[in-house]
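The values are calculated or read from the model by the stated rules, or taken from the named source; none is laboratory data. Keep in mind the model is a prediction, meaning the values are calculated, not measured. Cβ placement follows ideal geometry from the backbone for every residue including glycine, while neighbour counts extend to all protein chains displayed. Protein only, heavy atoms only, side chains kept; ligands, DNA and RNA dropped before computing areas. Shrake-Rupley method; radii C 1.70, N 1.55, O 1.52, S 1.80 Å.
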Amino acid sequence: MRIAVMGTGYVGLVTGACFADLGNHVICADVDEDKIGMLKDGEIPIFEPGLTEIVRINAKMGRLEFTTDIEDAVKDSKIIFVAVGTPQGADGEADLNQVKAVAETVGKAMDGYRLVVNKSTVPVGTGDVVGQIIEESQTENHPFDVVSNPEFLREGSAVHDFMHPDRVVVGCSNQAAGQMVAELYEPLDAPIIITDILSAEMIKYTSNAFLALKISFINEIANICDGVGADIKEVVAGVGMDGRINPAFFGAGIGFGGSCFPKDTLALIDIAAKAGYDFRVLRSAVDVNYDQPKRFVKRMGEELGGLNGKKVAVWGLSFKPNTDDLRESPALGIVRLLKDEGADVTAYDPASADGAKAEIPWLVTAENPYDAAKAAEALAVVTDWNMFKEVNLEKLKGLMARPLIFDGRNIYDPEKVRAAGFEYYGVGRR
Ligand code: UDX
């Protein structure tokens with residue numbers, strides 16, 4: 001199958017590379033000339049495990065191409081995936097300008113039947129908007145279909161998630177068009193749910209909203225554990241074994257960040273409001289998430305007798321491990337809050353230190369986690385990179401002015417850390 005993918009961000013690039021790997025001919029298009037130049041040279045502009053290899057192999061095999069010529073990509077392909085950004089606009093609603101621009105180009109450039117598949121996370125009803133724009137932009141009347149095919153890729157494991165999905169969702173008004181998209185996923189051996197476009201668009205927001213809700217819920221339970229002396233890990237172990245609940249996405253800590261949950265929760269609240277409904281539970285989940293880093297820093301201040309002038313090490317800057325992505329990172333929020341309280345912060349992150357410094361010019365970073373901790377009166381672990389779990393506690397203790405750990409991701413065993421001579425505070429840990 002000849003496929004075009006519009007947009008070479010996380011979703012577009014992973015989708016394009018994986019479809020090429022499944023044997024299709026894929027052309028990835030983007031207006032960003034620098035990005036396309038890099039990709040043509042086999043360089044990947046983002047940090048995503050496994051992606052470089054499949055991009056290079058499939059480009060070498062001639063199955064994966066890159067272009068800035070969007071019209072050419074439309075002419076060349078029967079199926080066009082839309083994977084451009086839908087950033088947060090004013091009032092939290094998703095900004096659809098890039099999606100609309102692609103629809104217009106498709107309408108103008110198409111010279112025969114085209115199947116337009118929307119992967120970008122868009123408000124419910126956007127499928128119709130895309131169809132309307134394509135129709136209005138056409139100079140000659142060519143048939144086309146619009147299908148919704150939301151993505152559920154996690155950064156850091158996006159290639160794995162694409163190749164091993166829990167399910168594939170296809171929303172269509174024409175069954176034959178839906179079937180064509182479903183066939184692309186057949187080699188993956190995953191359940192394929194074919195539904196209408198509005199429901200498919202709703203499935204995407206509902207999934208992300210529920211996962212965000214789960215995290216804020218367990219963070220509140222952890223906050224209560226702090227008050228009553230129970231241990232959140234024990235609680236999750238007991239609760240998660242109930243098959244109706246399950247233990248995934250029940251990791252308490254400093255809250256969720258990234259390019260999806262913060263934006264998509266606000267977008268769904270906005271979608272609900274426009275439909276005349278006040279989504280109270282989700283609004284609360286967003287509020288709880290906003291407060292969680294503040295609670296963490298307040299706790300640090302309490303234990304340290306104030307943060308002003310205190311030397312504090314921060315481990316982690318990206319919004320989660322295995323990515324250099326800093327978007328809406330709660331770790332960065334914590335760095336800023338610590339600075340506001342007058343703390344002297346030195347941070348370390350294995351992938352995103354340069355990006356963080358570009359965003360926060362005053363940020364001091366170290367070359368490794370131990371250097372960051374030198375002479376520190378407290379260490380805050382705020383991104384759960386594996387390398388932090390495997391740290392040499394004895395060495396760390398020898399370097400710090402006061403062996404005090406605030407574990408914002410609950411990665412350590414409190415007993416083990418305390419036995420090594422540290423004072424330890426997790427989120428909801430006994
Ligand atoms: C998410 C969805 O998982 C994915 O399906 C969707 O397509 C895009 O949004 P992503 O943003 O890459 O993916 O990250 P994810 O792994 O879901 O984590 C999101 C945030 O939640 C991170 O900040 C993470 O640290 C936090 N999180 C996750 C928790 O605080 N606790 C958990 O138990 C799990």
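Looking at GLY276, is it closer than 18 Å to ASN208 by Cβ and outside any helix (DSSP H, G or I)?
no
As an exercise: evaluate ILE269 against (1) outside any loop (DSSP other than H, G, I, E, B); (2) within 14 Å of the ligand (Cβ to nearest atom); (3) under 27 Å from GLY89 (Cβ atoms) and give the number of the one condition it does not meet.
The failed condition is (2).
What residue, of ILE54, ILE46, ILE27, ILE3, is touching a Gly at 6+ places or on another chain (Cβ under 9 Å), open to solvent by less than 60 Å² (accessible area, probe 1.4 Å), touching a residue at least 40 places away in the same chain (Cβ under 8 Å) and not in a strand (DSSP E or B)?
Numbers: ILE54 fails: touching a Gly at 6+ places or on another chain (Cβ under 9 Å); ILE27 fails: not in a strand (DSSP E or B); ILE3 fails: not in a strand (DSSP E or B).
Sole residue among the options that is touching a Gly at 6+ places or on another chain (Cβ under 9 Å), open to solvent by less than 60 Å² (accessible area, probe 1.4 Å), touching a residue at least 40 places away in the same chain (Cβ under 8 Å) and not in a strand (DSSP E or B): ILE46.
Does at least one position in region 113-128 carry a residue that is aromatic (Phe, Trp, Tyr) and in a loop (DSSP other than H, G, I, E, B)?
Yes.
Restricted to region 413-428, and to residues that are touching a strand residue (DSSP E or B) at 6+ places or on another chain (Cβ under 7 Å) and not in a strand (DSSP E or B), which residue is surrounded by the most Cβ atoms within 10 Å (Cβ to Cβ)?
Quick first cut of region 413-428, residues touching a strand residue (DSSP E or B) at 6+ places or on another chain (Cβ under 7 Å) only: 414, 417-418, 422-426.
Those left that are additionally not in a strand (DSSP E or B): 414, 417-418, 422, 426.
Working: PRO414: 18, VAL417: 22, ARG418: 14, PHE422: 21, GLY426: 26.
Result: GLY426.
Please state which one of ASP278, ASP287, ASP291 is in the same structural domain as ALA376 (by TED's automatic domain parsing) and more than 16 Å from the ligand (Cβ to nearest atom).
Of the residues listed, the single one that is in the same structural domain as ALA376 (by TED's automatic domain parsing) and more than 16 Å from the ligand (Cβ to nearest atom) is ASP278.
Considering only residues that are among the aliphatic types (A, V, I, L, M) and either surrounded by fewer than 12 Cβ atoms within 10 Å (Cβ to Cβ) or under 13 Å from ASN410 (Cα atoms) (or both), which ones fall in region 224-234?
Answer for region 224-234, where residues must be among the aliphatic types (A, V, I, L, M) and either surrounded by fewer than 12 Cβ atoms within 10 Å (Cβ to Cβ) or under 13 Å from ASN410 (Cα atoms) (or both): VAL228, ILE232.
So GLY127 ticks every box in (1) in contact (Cβ under 8 Å) with a residue 60 or more places away in the chain; (2) small (Gly, Ala, Ser); (3) within 20 Å of ALA20 (Cβ to Cβ) but one. Which box is left unticked?
For GLY127, the exception is condition (3).
So which of ALA101, ALA59, ALA94, ALA73 is under 19 Å from ASP264 (Cβ atoms), assigned by TED's automatic domain parsing to the domain that holds ILE27 and among the small types (Gly, Ala, Ser)?
Answer to the check: ALA94.
Going by the conditions given, is VAL312 surrounded by 16 or more Cβ atoms within 10 Å (Cβ to Cβ), assigned by TED's automatic domain parsing to the domain that holds GLY258 and within 16 Å of the ligand (Cβ to nearest atom)? Step through it out loud before you land on a result.
Values: surrounded by 16 or more Cβ atoms within 10 Å (Cβ to Cβ): yes; assigned by TED's automatic domain parsing to the domain that holds GLY258: yes; within 16 Å of the ligand (Cβ to nearest atom): no.
Against the criterion (surrounded by 16 or more Cβ atoms within 10 Å (Cβ to Cβ), assigned by TED's automatic domain parsing to the domain that holds GLY258 and within 16 Å of the ligand (Cβ to nearest atom)), VAL312 does not qualify.
Determine which member of the set LYS60, LYS75 is over 21 Å from the mean Cα position of the chain (by Cα), over 25 Å from LYS108 (Cβ atoms) and open to solvent by 40 Å² or more (accessible area, probe 1.4 Å). Please lay out each step first, then the result.
Numbers: LYS75 fails: over 25 Å from LYS108 (Cβ atoms).
Result of the check over LYS60, LYS75: LYS60.
Which ones in region 126-144 are under 29 Å from the mean Cα position of the chain (by Cα) and among the charged types (D, E, K, R)?
Residue satisfying the conditions is ASP128 alone.
Tell me, please, whether a residue that is under 26 Å from the mean Cα position of the chain (by Cα), within 23 Å of ILE232 (Cβ to Cβ) and of a type in the set (Phe, Trp, Tyr) can be found in region 348-363.
Scanning region 348-363 turns up no residue that is under 26 Å from the mean Cα position of the chain (by Cα), within 23 Å of ILE232 (Cβ to Cβ) and of a type in the set (Phe, Trp, Tyr).
Does ASP161 count as farther than 22 Å from ARG2 by Cβ and surrounded by 14 or more Cβ atoms within 10 Å (Cβ to Cβ)?
So ASP161 passes the test.
If a residue counts only when it is open to solvent by 10 Å² or more (accessible area, probe 1.4 Å) and under 24 Å from ALA252 (Cβ atoms), which helices (runs of 4 or more DSSP H) contained entirely in region 319-407 have at least 3 such residues?
Answer list for region 319-407: 330-340, 386-389.
Which residue, of ALA347, ALA267, ALA378, ALA356, is outside the structural domain of PRO123 (by TED's automatic domain parsing), modelled with pLDDT under 95 and touching a helix residue (DSSP H, G or I) at 6+ places or on another chain (Cβ under 7 Å)?
Testing whether each residue is outside the structural domain of PRO123 (by TED's automatic domain parsing), modelled with pLDDT under 95 and touching a helix residue (DSSP H, G or I) at 6+ places or on another chain (Cβ under 7 Å) leaves just ALA267.
Could you identify the single residue in LEU211, LEU282, LEU268 that is touching a Phe, Trp or Tyr at 6+ places or on another chain (Cβ under 7 Å) and either acidic (Asp, Glu) or farther than 23 Å from ASP384 by Cα (or both)?
Values: LEU211 fails: either acidic (Asp, Glu) or farther than 23 Å from ASP384 by Cα (or both); LEU282 fails: touching a Phe, Trp or Tyr at 6+ places or on another chain (Cβ under 7 Å).
The conditions single out LEU268.
Table: residues versus (1) closer than 30 Å to GLY23 by Cα; (2) crowded, with 19+ Cβ neighbours inside 10 Å.
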position	(1), (2)
CYS172	yes, yes
GLN175	yes, no
GLY178	yes, yes
GLU186	yes, no
ALA190	yes, no
THR195	yes, no
SER199	yes, no
ALA222	no, yes
VAL236	no, yes
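Within region 104-125, which residues are within 26 Å of the chain's Cα centre (by Cα) and more than 17 Å from ASN174 (Cβ to Cβ)?
Across region 104-125, the qualifying residues are LYS119, SER120, THR121, VAL122, PRO123, VAL124, GLY125.
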